[in-house]
Every structure is written in structure tokens, then in C-alpha cells.
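This report concerns only the one structure given below.
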Amino acid sequence: MAKLTAKKCENFVWVFFLEEGVLPAGTTRANILALKVSDLALDDPPLPGDPHFQKKKAARRMQIWFLAMGYRLPTPLPILRDGKKSLRQLAEWIREHHEEARDG
Amino acid sequence: MGERRLAASLAIATAFLVSARGADPAPPRSPLSKLLDPVREFVLDLAKDEPYFRVVSRTIDDERAVGFDYTIDYARTVKSAADAVSGWQWDASIRSRGILASESGANRFDSLISEAAISGSFFLPWDAASLRRTESLERELRGLLDEPPEDEAELARRKAASQDLDRFLRSLRRARFATVDIHAKHEGTQRFDDNDAAFGGGIAFDSDTIRIPGVLAPSDIPNALLDLLRSDDELRRVHPGPRFYIGCDAVTGLRHTERKRRTGDDRNTIPRATFQAAWRADFLRHVRLKVAWQSTLEIAPPSAVVRADREFNSHVELSLGYRIIGDAVADPVRERRREKPPSAATFVVQYQEGRLPPNYDLGSTVGIGLEAEF
């Protein structure tokens, strides 16, 4: 099974965050990739006991979504923890790091 | 004096990082060096990665001292979950947060908390079977990537048309997620005159983790009200529910704080419970409301502490922000040209009241300022 194309990884980022409900007002398919991770309503304000709680949860959901499509994705948490990363960089990271799940 | 100590600590830390980076690995590796390898890698990663550094400027009080909140955070995943659906993931972090003022005497919330923590996260799916790969589910999910929906309404229609997709996304949303941690904290004042240390653990979760199926959760009510305020071009956001943290610590070094003077209790070590909550809601396009609450409860306090009304200490922070520079929505043209996005700044009105460790002095301020990220 071939890896997902760059375009499909970008589409995944759009569909995933649309479903998560953390996009700022006015976000569309055309402009989502220019958003930064810090623009998402994740862990703001931070919970002092776990300032990355929602990012960990979103990262895990992303991995499960990929597993259901037949791919294994390492945790994208390092990207989500870096507020300066753009969602385009997230899509590129996903494109580079996902691989076929051999055990399905 | 305190500043000089801070500068000295930073200089020592930098020297350590530089020497760690420049050191040649010794050919024979002892069991101890093997044991310390993950620590060494973690330190080298800290030297490589840029820290997350966030500053919020604000006035502190009537004396017109200026101040800012700071947050510094290094984190790294040390072990990923072998199975994304049901496995554990482990993360390590070093972080520091606090409120600094140009005049330390004017700082009503003189509290700097530095912490090292290891946390494990787990996911408890409501219906694990519907999260597992099946041919029909795989087809539906891939279909979403081939022809993605234009908006939430279309996504809702696609879900309604596909039982597999609807079950998968609903199960993913209902899955209960939580993290547990063990930590060591240093709680000090701005000038490091007073400080203590806390060692303990806790659990973080959100309203979805404790949701009872079929019952309206309290967090659904403000969310529903905020939906009435959304403008036409806004996405119908789900408004993720509030997050909570419950923990327990052994706090020691209390003789280096103001505790004895304030309560008469001379104990150096006490058990303490911690409760925290945080929530954010966005509405009217550029407006965001943030609520953060944290409290500590001394376990089995002596009567002197109860009489001094110091067994329960809490701090609440309400913030209303309006983005004034940089649109909330990214500019795709600028992004295509790979241009740096314009700086964003949010005008913030903030109210905070309560007591923070280590001295738990009561403070109450209304602050206005700009919030920016670097």
C-alpha cells in the first residue's frame, strides 16, 4: 500500500482539526496550512499540572485515525508542542513519517 | 542578589550543555553510563531545541510597577505507545512559570514554580472495536482525504451518510483520555529569598473523561450559550471542555518560607493536595475567554494553620482577550510565498485573585496588557 500523497496529508490536517473543533474563526481549506499550532485552541490557558494535555490527546487521536486507515504514525506531539510550527509543516511531517501498518 | 544567582545558574547550565555537546563518547561504556545515556540525550536535545517561551506583559498594581508572566517549557516523548488505541505513552518535561515584576515588593503574586515531571498518558476507548481498521472504515476515511468536506456542515452530512464513519468519529470523541505524572517542584519567590520543594504525583483529565453517557455535562451549558454568540463566518466549534488536575505532594523546606510567621506552625514538611482547572472559549470571531483556577489543600493541618485560615489556598485567573494585530485567520498568499506571518498581538484584560506558593500572600489585581509569542 502506497504512502499518502502530500495533498492527502494536507487534506487530513484539514479534516482532522475540523472534527476536533479547535480552529480559529474564518479558517477554510484554503488558509488552514498557514496557521501556526499556537493558533489552535489547544491547552490555552495551560493546565499547570499538564500544560500539554489537549495536545497529547489530539496526537493520540491522530495516530488512531491513521491506524484505522492502515498506517502507523509516530506521535506528532513534538510538532504540536511547538507553537511556532505551521500546519503545513505538520502535514509535511505526517507525509514523511507515516508508514504502512504491517499488522493492520 | 536573586538576579545574580539566576544569572549564575544559567551560566552553569550553559557551560554544562556546551561541555555535554562537545564531549567525545568514551569507548568503554560502563553500566552507569548506559543508564545515564537517556539523560544525556535529553540534555543534548534541550541544547538543540528552541525552548517554548511565552510572555504576557501587564501592569502589576497601583504602584505602576510593570511585570510579566513567563512560561518556559522543554518536553520530550521518551516512549511512544506501542498500540495507539490502548497503549501508554511516556513524556518527560522541565518547565518553569511565574510572575515577575520590576519591583519585587510590588509583586502581589510572587511565585516562580520550576518543575521536572514524567507523565504517562492513556486512552480508554468507549467502543474500541469501532476504532479498529476495517475495510469499509478505511474506504470511508480515505474518501474524506480524496474529497475533503468544505466545512463542518458537509462533514456532518458525510458522517450521517456513513454508519462506519459516524461510529468511528463518535467513538474517538467519546474515548476517555487521562495523564498521570510524578514530579519534583521548586516553589520560590522572585528574589529566591523564600522557597520550598514539593514531590508528588497527580492525574489530569477533562470533562470528556468523566462524562456520563446520555447525561448533559455541566460544561455543555456554557458551550451552548457561546454558540449563540458566534458570528456567521465562524466555524461551529465544539469548544473542548474544561481540563482538571488532581494531585498530592509532600512539601518540604517550609522553614525557608513565611509559613511559621504567618501561621505559627513550625513543621518543615507537610502533605498537600492540589486541584486545578482550565478552560477556554472563543466567540465573536476575535474574542476569547480564558479561566484558570488552581488551589492547594493542606492535608490534616494543625489547628494553628486552620485558625490562620491557611489550610486552603486558591488562585483564579480570568482573562478576556481581543486580537488586535494579525488576523486570527492565516493569509494563504503570504504562506504560498513562504513569507513570515505578521506578528500577532492580543489585547488582554485580566483579573486574578488568590494566593500562590510558596508564601501564599493574598493578591488581587486587574491587569491590562498585550500578549505575544516569540
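Working only within segment B:187-203, note down all residues that are away from chain A (no Cβ under 14 Å), under 9 Å from residue B:358 (Cβ atoms) and in contact with a Leu (Cβ under 9 Å, 6 or more places away or on another chain).
B:188, B:189, B:195, B:196
Which pairs do you get when a residue that is farther than 18 Å from residue A:30 by Cα, found in segment A:77-104, comes within reach of a residue that is modelled with pLDDT under 90 and part of a helix (DSSP H, G or I), reach meaning Cβ atoms under 6 angstrom, with the pair 6+ apart or on two chains?
Qualifying pairs under 6 Å: A:83/A:38.
Quick check on segment B:312-320. Is at least one of its residues outside any strand (DSSP E or B), at pLDDT 85 or above and of a type in the set (Phe, Trp, Tyr)?
Here is the first cut: in segment B:312-320, the ones outside any strand (DSSP E or B) are none.
No - not one qualifying residue is present in segment B:312-320.
Take the residues of segment B:162-186 that are more than 11 Å from every other protein chain (Cβ to nearest Cβ) and free of Cβ contacts under 8 Å to residues at least 24 places away in the same chain: which is surrounded by the most Cβ atoms within 10 Å (Cβ to Cβ)?
Looking at residues that are more than 11 Å from every other protein chain (Cβ to nearest Cβ) and free of Cβ contacts under 8 Å to residues at least 24 places away in the same chain, I get B:162.
Can you name the number of the only condition in (1) at pLDDT 95 or above; (2) more than 8 Å from chain B (Cβ to nearest Cβ) that residue A:11 fails?
Unmet for residue A:11, out of (1) at pLDDT 95 or above; (2) more than 8 Å from chain B (Cβ to nearest Cβ): (2).
So, in segment B:79-91, how many residues would count as being surrounded by fewer than 17 Cβ atoms within 10 Å (Cβ to Cβ) and modelled with pLDDT of 90 or more?
2
At pLDDT 90 or above, surrounded by 22 or more Cβ atoms within 10 Å (Cβ to Cβ) and facing chain B (nearest Cβ under 7 Å) - does that describe any residue in segment A:91-103?
No, that holds for no residue.
Considering every residue within segment B:123-144, establish whether at least one is under 32 Å from the mean Cα position of the chain (by Cα), more than 10 Å from chain A (Cβ to nearest Cβ), part of a helix (DSSP H, G or I) and farther than 30 Å from residue A:50 by Cα.
No, that holds for no residue.
Here is a check on your reading of the model: is residue B:94 farther than 30 Å from residue B:213 by Cα, more than 10 Å from every other protein chain (Cβ to nearest Cβ), without any contact (Cβ under 8 Å) to a residue 60 or more places away in the chain and surrounded by fewer than 16 Cβ atoms within 10 Å (Cβ to Cβ)? Reasoning before the result, please.
Numbers: farther than 30 Å from residue B:213 by Cα: yes; more than 10 Å from every other protein chain (Cβ to nearest Cβ): yes; without any contact (Cβ under 8 Å) to a residue 60 or more places away in the chain: yes; surrounded by fewer than 16 Cβ atoms within 10 Å (Cβ to Cβ): no.
Answer is no for this residue.
Enumerate the helices (runs of 4 or more DSSP H) found wholly within segment A:19-104, keeping only those where 3 or more residues are out of contact with any strand residue (DSSP E or B) (no Cβ under 7 Å at 6 or more places or on another chain).
Details: elements: A:53-68, A:77-81, A:87-97.
Where helices (runs of 4 or more DSSP H) fall fully within segment A:19-104 and carry at least 3 residues being out of contact with any strand residue (DSSP E or B) (no Cβ under 7 Å at 6 or more places or on another chain), they are A:53-68, A:87-97.
Out of the residues in segment A:30-56 that are within 7 Å of another protein chain (Cβ to nearest Cβ) and hydrophobic (A, V, I, L, M, F, W, C), which is farthest from residue A:15 (Cα to Cα)?
Per the criteria, the residue is A:47.
Being among the hydroxyl-bearing types (Ser, Thr, Tyr) and farther than 30 Å from residue B:168 by Cβ is the filter; apply it to segment B:101-126 and report the residue that is surrounded by the most Cβ atoms within 10 Å (Cβ to Cβ). So that I can check it myself, show each step before the final result.
Of the residues in segment B:101-126, the ones among the hydroxyl-bearing types (Ser, Thr, Tyr) are B:102, B:104, B:111, B:114, B:119, B:121.
Within this subset, residues satisfying the condition of being farther than 30 Å from residue B:168 by Cβ are B:102, B:104, B:111, B:114.
Numbers: B:102: 13, B:104: 16, B:111: 22, B:114: 17.
Of everything passing the filter in segment B:101-126, B:111 is surrounded by the most Cβ atoms within 10 Å (Cβ to Cβ).
Does residue A:60 satisfy the condition of being within 15 Å of the chain's Cα centre (by Cα), crowded, with 24+ Cβ neighbours inside 10 Å and at the interface with another protein chain (Cβ under 7 Å from one of its Cβ atoms)?
So residue A:60 fits the description; yes.
Which residue is modelled with the lowest pLDDT, if the candidates are limited to segment B:112-122 and must be more than 17 Å from residue B:205 (Cα to Cα) and away from chain A (no Cβ under 11 Å)? Walk me through how you get there before you give the answer.
Narrowing segment B:112-122 to residues more than 17 Å from residue B:205 (Cα to Cα): B:112-116.
Retained after the next criterion (residues that are away from chain A (no Cβ under 11 Å)): B:112, B:114, B:116.
Values: B:112: 93, B:114: 96, B:116: 97.
Filtering segment B:112-122 for residues that are more than 17 Å from residue B:205 (Cα to Cα) and away from chain A (no Cβ under 11 Å), the one modelled with the lowest pLDDT comes out as B:112.
The values are calculated or read from the model by the stated rules, or taken from the named source; none is laboratory data. A quick note: this is a predicted structure, and the numbers were derived from the prediction, not measured. Using ideal geometry, Cβ is built from the backbone for each residue, glycine included, and neighbour counts are taken over all protein chains shown.
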